Amino acid sequence: MLRRKLVEVSRRLADVDVLHGPGGRAPAVLTADRLIVTRVGVVVPAHNEEALLPACLAALGAAAARAPVPVSVVVVLDSCTDGTLEAVRRADPSSFDRLLPIACRSRGVGAARAAGSQYLIGTRDPAGLWLATTDADSVVPSDWIVRQLGHASLGARAVIGTVQVADWSQHPPHVEPRYRLRYRARDGHRHVHGANMSMAATAYLAAGGFPAVRADEDVAMTRRLVRTGEQVVWAADLPVTTSARLDSRADGGFAGYLAQLADRPCNRDRRGVPG
């Protein structure tokens, strides 16, 4: 069994090529079915996130430093009234191709993710762009982008990852076990989190992009990808650490879900854990 698995992995890796450029940084990742990734763009929607955004951007910087292609990050300032813009300006941009804030006044995370995605696509050919999105209260692992591109190299056109919570101290003691009972942190999971999803820009456009809704835009986007026949991988090897804060930035978002767990009786239904 182990030998067969090793042979299969070797066969897959033989189909993957990396086109190297000057200085050892690869200008393109060539996948088995000829999707050529030449750049990565990350969208971070933010509404009054001056406290948590610095850690988010620092983690993205570490992930960008390990990426084989240039990485741009767009922080979408959605009706911010605090120092979120200053937090972007103070961040270290050295690992990014670009680190840019853009403004919108949608007060809706769907429109914010859509605005950031469209900005990254711009007027250029979307064929070489890999789009990713996370949240301002979340910290990605340093291999986050590398692992996304690894899945893309094996045929994925969208990668939906998992999340983990580092600090449950703001919640009653029963919330964490209730959450863990419902959560499947393994490959093939069916959880959807805007804090941990990515896709080829061509797949994003073919599916119609993020809808301009106030909540569950990540679920709607994933359904669109599935309907258009894109290869969606439900991956557990790139978990993003997110906050368990009590104040929700989006109606029906992750904070709202945790608040529900604090009040409702425990059951074994593992479906419907939102991003």
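None of the figures in this text is laboratory data; all of them are computed from the coordinates on show. All of these numbers come straight from a predicted model, not from anything done at the bench. Don't worry about glycine lacking a Cβ; one is built from the backbone with ideal geometry, like all the others, and counts go over all protein chains shown.
Here are the numbers for the structure shown:
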| quantity | calculated |
| --- | --- |
| For residue 241, net neighbour charge (Lys/Arg +1, Asp/Glu -1) across residues whose Cβ lies under 14 Å away | -3 |
| Simple spin-label estimate for residue 170 and residue 127 in nanometres, 7 Å along Cα-Cβ | 4.6 |
| For the stretch 2-263, the spread of Cα positions along each principal axis, largest first, Å | 51, 42, 33 |
| Cβ-based charge dipole, the stretch 2-263, positive-most Cα from 73, 58, 191 | 191 |
| Efficiency of FRET from Cβ geometry, residue 119 and residue 86, R₀ 25 Å, rounded to 0.05 | 0.75 |
| Label-point separation, residue 181 to residue 98 (7 Å along Cα→Cβ), nm | 4.8 |
| Formal net charge of residues neighbouring residue 115 (Cβ-Cβ distance under 11 Å; K, R +1; D, E -1) | +1 |
| Distant-in-sequence amide H partners of residue 83 (H built 1.01 Å from N, under 5 Å) | 50 |
